[in-house]
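One structure is given here, and the rest of the page talks about it.
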Amino acid sequence: MFLRLVRTDLKRIKYYSLYMILSAFLLLTICLCLVIKVSDHLYSTNDRTTTLSIGIVMSADSNLSQMAYAAIADMNSYRSSCDFVEVDNVQTAMSMLDNGKLFAAIYVPDNIINDIMDGTNTPVEVYYSDTGSINTFILNDLFRSTSSMLGISQAAIYSVQSIGRSMNLPQNTQNALSNDINSMFLKCVLDRTDNFVIQQINATRAANTTDFYTCAAIVLLMTMCGTVYISFVQNVSKSYVDRLHSVNIRLHHRMISSFISIFVWEYILYVVIYLALACVTMSTGTLHVHLNSCGFLYGLAITGLVSLTVTLISFIPAGVHGCSLLLITGFIVAAYLSGFFVPETMLPNFAKSICRSSLLNHMAHTLCKLICIH
């Protein structure tokens with residue numbers, strides 16, 4: 001009788017599978033659009049930030065001042081966020097600030113470079129058009145870091161000069177040594193290219209961000225489509241259940257039979273999605289999904305977990321809508337904590353440890369390794 005129940009359930013579930021297929025194609029289209037664009041929006045290598053216009057008022061026209069201005073304008077730490085403009089005088093700079101043509105203005109006093117070299121700490125005035133924005137904070141941080149490095153350089157220069165005097169070196173030698181040390185430290189402070197290392201960070205811990213979200217979309221799609229089968233389990237008449245009881249078919253028999261039926265159609269859905277993504281890869285080259293036996297075999301594990309979850313929730317006596325709400329809400333929370341919606345590095349601190357140990361996260365990473373081949 002149990003095998004007969006399984007055959008009956010496989011026939012009954014075909015009616016619900018039509019809605020599942022329609023839902024799957026709709027969700028697949030949405031997920032594909034999101035997956036293809038997610039890397040461009042979150043991890044684009046193109047610099048789309050707007051640079052800040054910084055006006056510099058140079059009251060002195062010495063070679064050292066011009067060298068400092070040129071060095072600052074070419075620094076990677078400033079060039080990526082600032083666009084320096086030379087301004088004739090402070091009044092013009094303040095007018096440009098009021099008109100919004102400049103974000104900030106820097107007034108460099110006379111002989112600033114010589115003052116740095118001889119230890120005279122002449123302040124540099126900085127004026128902002130907006131003192132409360134994040135850009136102001138970032139710019140202040142850049143200025144403070146440069147000022148701090150100049151202070152460290154001064155301490156090193158004084159030490160070298162003190163050593164020269166203690167060794168009773170000739171004055172010409174001391175002057176030459178001071179000039180060389182000044183030039184060397186000034187160059188190191190203003191040009192900090194060697195101090196920066198460019199690293200590409202992947203927030204999903206996968207080989208490719210698009211690959212991870214593709215695999216996450218597969219698990220998401222299969223679970224969301226599983227809500228269709230809640231009606232398959234719930235919409236059973238009491239007379240039908242009583243008839244099953246009369247032939248010793250109990251609740252656990254019905255659960256196993258429903259699990260088998262849901263498993264079969266969920267795996268069919270997995271295969272269809274897998275083939276569709278492989279076709280997209282071959283036709284557009286946007287994805288990296290390739291067909292292999294490991295991908296089909298691992299799909300059995302994913303299908304088993306999804307089918308078991310859907311089956312257990314479907315037998316909760318909360319009605320079709322209650323079970324559907326429970327499944328969707330529970331999975332959305334689990335998917336969020338697994339890094340499906342927000343990259344792991346952007347999750348709150350309490351959620352990061354959960355994400356690393358999440359079963360859904362491990363499933364997506366494993367699937368990514370098996371089917372996404374570069």
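The values are calculated or read from the model by the stated rules, or taken from the named source; none is laboratory data. Keep in mind that this is a model prediction, so the values were computed, not measured. Positions of Cβ are backbone-derived with ideal geometry, glycine not excepted, and every protein chain shown enters the neighbour counts. Note: accessible area is taken over every heavy atom of the protein model, side chains too, but ligands, DNA and RNA are not part of it. Shrake-Rupley method; radii C 1.70, N 1.55, O 1.52, S 1.80 Å.
A crude spin-label estimate for the pair Phe315 and Ser159, with each label 7 Å from Cα along the Cβ direction, gives 7.4 nm.
Which length gain, in nm to one decimal place, applies between Thr29 and Leu251 when the Cα-Cα distance is subtracted from 0.36 nm times their residue separation? Before the final figure, lay out the partial values.
Details: separation 222, 0.36 × 222 = 79.92 nm, distance 3.76 nm.
Taking 0.36 nm per residue and subtracting the Cα distance, the gain is 76.2 nm.
For Val85, the residues whose amide H sits under 5 Å from its own are Ile54, Gly55, Ile56, ignoring neighbours fewer than 5 places away on the same chain, with H placed 1.01 Å from N. If you take the Cα centroid of segment 293-307 and the Cα centroid of segment 220-244, the two points sit 22 Å apart. When Met94, Met58, Met184 are compared by accessible area at a 1.4 angstrom probe, the order from most to least is Met184, Met94, Met58.
Here the spin labels are modelled as points 7 Å beyond Cα on the Cα-Cβ line, and at Leu18 and Phe2 they lie 3.2 nm apart. Using R0 = 25 Å, the C-beta based FRET efficiency linking Val272 and Ile373 works out to 0.80.
At 1.4 Å probe size, with the rest of the protein present, what percent of the exposed accessible area of segment 265-374 is carbon and sulfur atoms? The computed percentage sits at 75. Per residue, the convex hull around the alpha carbon atoms of segment 208-250 comes to 64 Å³.
Determine, from the Cβ-Cβ distance of Met184 and Leu308 and an R0 of 51 Å, the FRET efficiency 1/(1 + (r/R0)^6), rounded to the nearest 0.05. Intermediate values should be presented prior to the final figure.
On the way: r = 68 Å, r/R0 = 1.34.
Efficiency, from the Cβ-Cβ distance: 0.15.
So what does Arg254 come to for accessible area, using a 1.4 Å probe and Å² rounded to 10? Probe radius 1.4 Å; accessible area of Arg254 about 40 Å².
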